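FYI, it's all coordinate maths here, none of it is from the lab. Not measured: the values here are computed from a predicted model. Quick reminder, even Gly has a Cβ in these numbers, built from the backbone with ideal geometry, and neighbours come from all protein chains shown.
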Amino acid sequence: MDMRDFSVAKLSEDALDKVKSMESELGQQTADDIVLIAYKHTENSPEGEGQNG
């Protein structure tokens, strides 16, 4: 798998809140600063964007 097959996911405010909540929960469990990053799989297309773009 090639990282060029992925792009940063555009998340709704609700989804972003869930990611932040998960970061906080994992941080408390591990005593580490946790940062989650959302990527989406992009299919190779002439425009360079995936179908979920």
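Here are some notes:
- Summing Lys and Arg as +1 and Asp and Glu as -1 over all other residues whose Cβ lies under 14 Å from the Cβ of Leu11 gives a net charge of 0.
- Count Lys and Arg as plus one, Asp and Glu as minus one, and take only other residues whose Cβ is under 12 Å from that of Glu23; the net charge is then -2.
- Modelled spin labels at Glu13 and Ala31, positioned 7 Å past Cα toward Cβ, are 3.7 nm from each other.
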